[in-house]
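Report on the structure given below.
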């Protein structure tokens, strides 16, 4: 081995490995959150190591970190897979999201910055234009920007960290459900009104009203998602069985 080449156990090797591990973790996280790697997709250490042109060690450490973030499932002697969040898990996460986003809006209203408020009002206008033209993909994109502006405007790095960690866990199924809800004209109209109320409270420097409006908005969306989720479960339970007869919904045993 040539002089100066780091070896396993050498502190320099550890530093280099940590740097690669962070890069691989970041790349895989982005691929999962963006939907490039789909829920349920198998992740091979060997294939990923070849793809990133690194050893398997940083890939293995990256997958362990993503397991802690609930983005992948590592099943011993079976394999590693992109985690598939259930509908109930998404709804459970939205309860936490409501509290955190309410706090973000409160903090922003307590320290409104002119540039931040202008960006938020611009996002609101862009959202209403997209809704008026029926551009639903643009509505989804601008709605996400609206929420991210409130997260950043809170001025709390810790709060933003926990919101990002939470949303990353179920971002793909959540965005699909959001697309379903805003495709309904009545819900879209209510959502626009809710956004206007949030911005008005922030503009008025009213932290309590900003939090109240933000939580009401998050709760309304969550209730609509729950309705869609339960409707989907009900549709599956009453699906047509063999012989053209409808299956009876599966009911829980009252004895537990």
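The values are calculated or read from the model by the stated rules, or taken from the named source; none is laboratory data. Predicted model, so just to flag it, every value in this text is computed and none were measured. A quick note on method: Cβ atoms are made from the backbone with ideal geometry, for glycine too, and the neighbour counts reach across all protein chains shown.
Say whether the condition of being in contact with a strand residue (DSSP E or B) (Cβ under 7 Å, 6 or more places away or on another chain), surrounded by fewer than 15 Cβ atoms within 10 Å (Cβ to Cβ) and not in a helix (DSSP H, G or I) is met by at least one residue in region 76-86. Steps first, please.
As a first pass, look at region 76-86 and keep what is in contact with a strand residue (DSSP E or B) (Cβ under 7 Å, 6 or more places away or on another chain): 79-83.
Those still in the list that are surrounded by fewer than 15 Cβ atoms within 10 Å (Cβ to Cβ) too: 79.
Filter once more, keeping what is not in a helix (DSSP H, G or I): 79.
Looking through region 76-86, at least one residue is in contact with a strand residue (DSSP E or B) (Cβ under 7 Å, 6 or more places away or on another chain), surrounded by fewer than 15 Cβ atoms within 10 Å (Cβ to Cβ) and not in a helix (DSSP H, G or I).
Give 153, 87 a once-over and let me know the one that is under 19 Å from residue 216 (Cβ atoms), in contact (Cβ under 8 Å) with a residue 24 or more places away in the chain and touching a helix residue (DSSP H, G or I) at 6+ places or on another chain (Cβ under 6 Å).
Exactly one of 153, 87 is under 19 Å from residue 216 (Cβ atoms), in contact (Cβ under 8 Å) with a residue 24 or more places away in the chain and touching a helix residue (DSSP H, G or I) at 6+ places or on another chain (Cβ under 6 Å), namely 153.
Residues of region 110-146 being in a helix (DSSP H, G or I), over 22 Å from residue 175 (Cβ atoms) and either in contact (Cβ under 8 Å) with a residue 24 or more places away in the chain or not assigned by TED's automatic domain parsing to the domain that holds residue 195 (or both), which ones?
Answer for region 110-146, where residues must be in a helix (DSSP H, G or I), over 22 Å from residue 175 (Cβ atoms) and either in contact (Cβ under 8 Å) with a residue 24 or more places away in the chain or not assigned by TED's automatic domain parsing to the domain that holds residue 195 (or both): 110, 116, 117, 121.
Considering only residues that are under 23 Å from residue 175 (Cβ atoms) and at pLDDT 90 or above, look in region 41-66 and name the one that is surrounded by the fewest Cβ atoms within 10 Å (Cβ to Cβ).
Going through the qualifying residues, I end up with 42.
Against the condition more than 30 Å from residue 220 (Cα to Cα) and touching a residue at least 12 places away in the same chain (Cβ under 8 Å), how does residue 101 come out, does it pass?
Numbers: more than 30 Å from residue 220 (Cα to Cα): no; touching a residue at least 12 places away in the same chain (Cβ under 8 Å): yes.
Considered against the rule, which asks whether it is more than 30 Å from residue 220 (Cα to Cα) and touching a residue at least 12 places away in the same chain (Cβ under 8 Å), residue 101 comes out as no.
Identify all residues within region 38-54 that are within 22 Å of residue 77 (Cβ to Cβ) and outside any helix (DSSP H, G or I); write none if there are none.
Result: 39, 40, 41, 42, 43, 44.
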